[in-house]
Amino acid sequence: MTAAAETTTRHSFSLAQYFICMKGIVWREALRFMHQRERFVSALVRPLVWLFIFAAGFRQVLGLSIIPPYETYVLYEVYITPGLIAMIQLFNGMQSSLTMVYDRETGGMRTLLVSPFPRWWLLSSKLLAGTLVSVLQAYVFLAIAWFWEIEPPPLGYLALLPALLLSGLMLGALGMLISSLIKQLENFAGVMNFVIFPMFFASSALYPLWRVRESSPLLFYVCELNPFTHATELIRFALYEQVSWISLGVVIGCTAAFLFGAILAYDPGRGFLARRNNPAG
Amino acid sequence: MKSFDPAQIPALEVDRVSHRYGARVALDAVSLTVRQSSFTVLLGLNGAGKSTLFSLITRLYAIRSGHIRIFGHDVASEPGAALSQLGVVFQSRALDIDISVRQNLMYHAALHGIGSRRADELIAQVLDRVAMTDRSLDRVGNLSIGQMRRIEIARALLHMPRLLLLDEPTVGLDIKARADILDHVRRLSTEQGIGVLWATHLIDEAKAGDDVVVLHKGTVLAQGALDDVVGQAGAGDLGGTFNRLTAAADRREVESAA
């Protein structure tokens, strides 16, 4: 009987099939993204509001000295641009996490997890898909910001790409980890308050850390330990064709840790799926 | 007993599986078998443990005691081999309503490592099978609930599984759509040789010639060919059998608690 032979051969996937699977997941995310234009627009409006209004207002209040990677005095708008790019990715990561919680409540997540591919591959593909969307958003933001005289060197745009991929993966993996901890969709407001805001404000996104140190050494250390600071600095240096090695190390380390945590959390034996109390029959 | 004749290996074998949520026992040493090409109705009220069982079979929850095998492949130790033989229609909607039927099916094909050329052929086949060929480019959101169900079934069949699970697939359907779906799936099992496990609380969805499994409060009360189960219980029909079996089980529970 051929069915039996088929049974034994079908479960080992070729490398090409792994990529078909990944491509499918990325492609679906792209389709979904195109169908949710509001999401795209709001993802852009948020940083633009910061740039056009907040930064303009703060320009006179906050004096900046020359700090690396900048070689001249820079406008406040220029200073906060990398932080706003990281913010786009932070929101995107949390948004993907929200989508995963939503998917779990509908059947979407089940469809994904019932795939015969290993779960770590499915989750990594999903993470990559979300990251690519955030990279696209970041470049569109930069294109608009260019007209606002935020003009990093041309090669900086290219050097930015790997930095964006890394920071996007880190923030996406964090979102994925958080999604496994959220029990229900309604809890998402808590993520805003307890994750997004503290991460964003206790970082180098809006003010250089040496100024933070002047006012509060403790806060300075908190900012230094915040992975979001390092995502911001990685982006900031890359945009000026430089590498912040410490930030690079921190971002890679955090990505690995968050992703590992998320994979464990979505493992049927260990994670929330096993713990979760499912009252439905 | 494990047989080595491939034609005799059950499509699904649940072997003394128990599961609890905290102190609450959801499944208590459940054993059941779905034979190849059979249409097996898993009958149980809400809360009987059907969804828990489905979550265990599909590996959403880890199996902590007992074994589940799909065509002889243990779900816990060989998930890839087991899951590739399995198609599932979940109770909750699993389709993206914003994108087209074809795009949804393409995504599903990718999740099974099927490239786009082969996927095109398979999509044409499964849509034909559920009589939805002309809706391939429609947005899923524009379909009726009955049509969505048919697409969900097409999706579950796309990678040519030999075991199909359906969790309350007729919920929310009108009488006609319900009869259509039931009819479709029954034909699948006879014509394509697919083993079907159909979970429902609607007794009239089972008919003579089906296998039935009666699940009540996490315990299997009876299983076998419908006529045998009815005969053994000494009732006139399946409805009477179900009431008799569950009432007896509830009585035993009260007595053991007292």
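Read-outs throughout are calculated quantities, based only on the coordinates presented, and are distinct from any laboratory measurement. Computed from a predicted model, the values in this text were never measured in an experiment. Ideal geometry is used to build each Cβ from the backbone, glycine not excepted, and the neighbour counts take in all protein chains shown.
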Open item on the list: Cut-off 10 angstrom, C-alpha nodes, Gaussian network model of chain A. Which of A:Ala205, A:Ala238, A:Ala56 fluctuates the most?
Closed with: A:Ala56
Task: Dipole of chain A, positive direction: furthest Cα of A:Ser14, A:Val135, A:Ile53, with charges on the beta-carbon - done: A:Ser14
Task: Highest-fluctuation residue, A:Met34, A:Met199, A:Met87 considered, GNM on chain A with Cα pairs under 10 Å - done: A:Met34
Open item on the list: Sort A:His35, B:His201, B:His216, B:His112 by Cβ crowding within 10 Å, fewest neighbours at the top.
Closed with: A:His35, B:His201, B:His216, B:His112
- [ ] Fewest Cβ neighbours within 10 Å first, please rank A:Phe52, A:Phe33, B:Phe71 accordingly.
- [x] A:Phe52, A:Phe33, B:Phe71
Task: Karplus (6.51, -1.76, 1.60) ³J(HN,Hα), θ = phi - 60°, over the range A:121-128, in Hz, Gly and Pro reported as x - done: 5, 4, 5, 5, 5, 5, 5, 4
Open item on the list: What's the magnitude of the charge dipole for the range B:1-62 around its Cα centre, counting Lys and Arg as +1 and Asp and Glu as -1 at the beta-carbon? Answer in Debye, nearest 20.
Closed with: 200
Task: Taking A:Tyr76, A:Tyr139 and counting other C-beta atoms within 10 Å, the order from fewest to most - done: A:Tyr139, A:Tyr76
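Please state the charge dipole magnitude for the protein assembly as shown, taken about the Cα centre, from unit charges on C-beta atoms (+1 on K and R, -1 on D and E), reported in debye and rounded to the nearest 20. All intermediate terms of the calculation are to be shown ahead of the outcome.
Numbers: 48 positive and 45 negative charges, 75 e Å.
I would put it at about 360 debye.
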Task: Size descriptor, Kirkwood hydrodynamic radius, that averages inverse alpha-carbon separations across the protein assembly as shown, Å - done: 25.7
Task: Most mobile listed residue (B:Asp167, B:Asp28, B:Asp183) in chain B, GNM with C-alpha springs under 10 Å - done: B:Asp183
- [ ] Take the range B:31-163, drop everything but the C-alpha atoms, weight them equally and run the Debye formula without solvent; then report log10 I(q)/I(0) at 0.12, 0.15, 0.18 Å⁻¹ to two decimals.
- [x] -0.52, -0.80, -1.08
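In terms of the ratio Rg/(2.2 N^0.38 Å) built on C-alpha atoms, what value belongs to the range A:83-267? Could you put the intermediate results ahead of the total?
Values: Rg = 16.8 Å, N = 185, 2.2 N^0.38 = 16.0 Å.
In units of the 2.2 N^0.38 Å rule of thumb, it is 1.05.
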Task: chain B: relative contact order as a whole-number percent, Cα under 8 Å and 6+ apart - done: 25
Open item on the list: Taking each residue in B:110-123, count the Cβ atoms of any other chain within 10 Å of its Cβ, then average. What number comes out?
Closed with: 5
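Enter the mean number of other protein chain beta carbons within 10 Å of the beta carbon of each residue in B:12-21, as an integer. The partial results should precede the final answer.
On the way: counts 0, 0, 0, 0, 0, 0, 0, 2, 0, 6.
Across the residues of B:12-21, the mean count of other-chain Cβ atoms within 10 Å is 1.
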Task: Mean-position separation - Cα centroids, the range B:198-238 and the range A:54-95, in angstrom - done: 68
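Let me have the 222 nm mean residue ellipticity of chain A computed from DSSP H runs of 4+ only, each contributing -39500 (n - 2.57), with the sum over all residues rounded to the nearest 500.
Numbers: 15 runs with 202 residues, N = 281.
Calculated from helices alone, the mean residue ellipticity at 222 nm is -23000 deg cm²/dmol.
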Task: Per-residue ³J(HN,Hα) for the range A:50-57, Karplus 6.51 cos²θ - 1.76 cosθ + 1.60, θ = phi - 60°, Hz, x for Gly and Pro - done: 4, 6, 6, 9, 4, 5, 5, x
Open item on the list: Over chain A, what is the relative contact order in percent, taking alpha-carbon pairs closer than 8 angstrom and at least six residues apart?
Closed with: 23
TODO: Would you mind giving the mean number of other chain beta-carbons within 10 Å of the Cβ of each residue in A:26-37, as a whole number?
DONE: 3
TODO: Let me know the Kirkwood hydrodynamic radius for the range A:95-182, please, with Cα pairs as the basis and the value in Å to one decimal.
DONE: 14.6
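Once the cut-off is 25 Å, how many percent of the Cα-Cα pairs in chain B end up in the long-distance tail?
Values: 14940 of 33153 pairs.
So the pairs more than 25 Å apart make up 45 percent of the total in chain B.
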